[in-house]
Amino acid sequence: MGRLNTVPASAVLLGIAGLIPFVGFAALSVSGTDVGLGTIGLSPRTILSAYGAVIASFLGGIRWGVAAARGAGWRDYGLAIVPSLLAWAALAAPAPWDLRTLGALVLLWGLVDQDLARRGLMPTWMGRLRLALSAVAGAALLVAA
């Protein structure tokens, strides 16, 4: 049972690695520097928005996977598609609402997924890690908005 409370080092390291694009592209967006991305028609803000949408969809995938693995019901499957749909809509929203929507979504989803750990559908450590990672990623998106 202790293993359920111990965060695997690989999850921490890979989770932190996943924050690098959030923090890096948010910093570039705020600074106004495009590090040459403009020459290929991109901007740090555009990349940040796309990455935020991909990660939001991934967060929904976590719930879908848990639902499938644990035989959860309609509620969990229904909730699992919400991040993807909202992220897709956010990509169509004008600035600053695209990043605001994604930031709020990532922050909120860190809280929404806490019920999975409380219900025993995922390890306790995963709920805590998800909350910390979502806080940093969501804050980066909101700062860049």
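Is at least one residue of region 35-45 within 18 Å of the chain's Cα centre (by Cα), among the aliphatic types (A, V, I, L, M), modelled with pLDDT of 95 or more and more than 21 Å from Trp109 (Cβ to Cβ)? Walk me through how you get there before you give the answer.
Keep residues of region 35-45 that are within 18 Å of the chain's Cα centre (by Cα), which gives 44-45.
Those still in the list that are among the aliphatic types (A, V, I, L, M) too: none.
For region 35-45, residues within 18 Å of the chain's Cα centre (by Cα), among the aliphatic types (A, V, I, L, M), modelled with pLDDT of 95 or more and more than 21 Å from Trp109 (Cβ to Cβ): absent.
Being more than 14 Å from Arg45 (Cβ to Cβ) and among the acidic types (Asp, Glu) is the filter here; which residues of region 87-145 pass it?
Answer for region 87-145, where residues must be more than 14 Å from Arg45 (Cβ to Cβ) and among the acidic types (Asp, Glu): Asp113, Asp115.
Return the pair list, or none, for Cβ contacts closer than 7 Å from residues in region 95-106 that are more than 15 Å from Ser134 (Cβ to Cβ) and at pLDDT below 95 to residues that are of a type in the set (Lys, Arg) and not in a helix (DSSP H, G or I), at least 6 apart or on different chains.
Nothing qualifies.
What residue, of Arg100, Arg128, is basic (Lys, Arg) and over 28 Å from Ala72 (Cα atoms)? Walk me through how you get there before you give the answer.
On the way: Arg128 fails: over 28 Å from Ala72 (Cα atoms).
Arg100 is the lone residue from the list that is basic (Lys, Arg) and over 28 Å from Ala72 (Cα atoms).
If you check Ala144 against the conditions, is it open to solvent by less than 40 Å² (accessible area, probe 1.4 Å), within 14 Å of the chain's Cα centre (by Cα) and closer than 25 Å to Ala26 by Cα?
Details: open to solvent by less than 40 Å² (accessible area, probe 1.4 Å): yes; within 14 Å of the chain's Cα centre (by Cα): no; closer than 25 Å to Ala26 by Cα: yes.
Taking the combined requirement at face value, the residue does not satisfy it.
Regarding Leu19, is this residue farther than 19 Å from Ala139 by Cα and either assigned to a helix (DSSP H, G or I) or modelled with pLDDT of 95 or more (or both)?
No: the conditions fail for Leu19.
Looking only at region 74-91, count how many residues are without any contact (Cβ under 8 Å) to a residue 12 or more places away in the chain and either open to solvent by 80 Å² or more (accessible area, probe 1.4 Å) or of a type in the set (Val, Ile, Thr) (or both).
So in region 74-91, the residues without any contact (Cβ under 8 Å) to a residue 12 or more places away in the chain come out as 74-75, 78, 85.
Remaining after also requiring either open to solvent by 80 Å² or more (accessible area, probe 1.4 Å) or of a type in the set (Val, Ile, Thr) (or both): 74-75, 85.
Residues meeting the conditions: 3.
Among the residues of region 24-34, write down those that are in a helix (DSSP H, G or I) and either surrounded by 12 or more Cβ atoms within 10 Å (Cβ to Cβ) or over 23 Å from the mean Cα position of the chain (by Cα) (or both).
If we filter region 24-34 for residues that are in a helix (DSSP H, G or I), which is where we start, we get 24-31.
Within region 24-34, Gly24, Phe25, Ala26, Ala27, Leu28, Ser29, Val30 qualify.
The values are calculated or read from the model by the stated rules, or taken from the named source; none is laboratory data. Owing to the predicted nature of the structure, the values given are computational and were not obtained by experimental measurement. Here Cβ is always computed from backbone atoms with ideal geometry, including for glycine, and neighbour counts include all displayed protein chains. Each accessible area value is taken on the protein alone, full model and side chains, heavy atoms only, with ligands, DNA and RNA left out. Shrake-Rupley method; radii C 1.70, N 1.55, O 1.52, S 1.80 Å.
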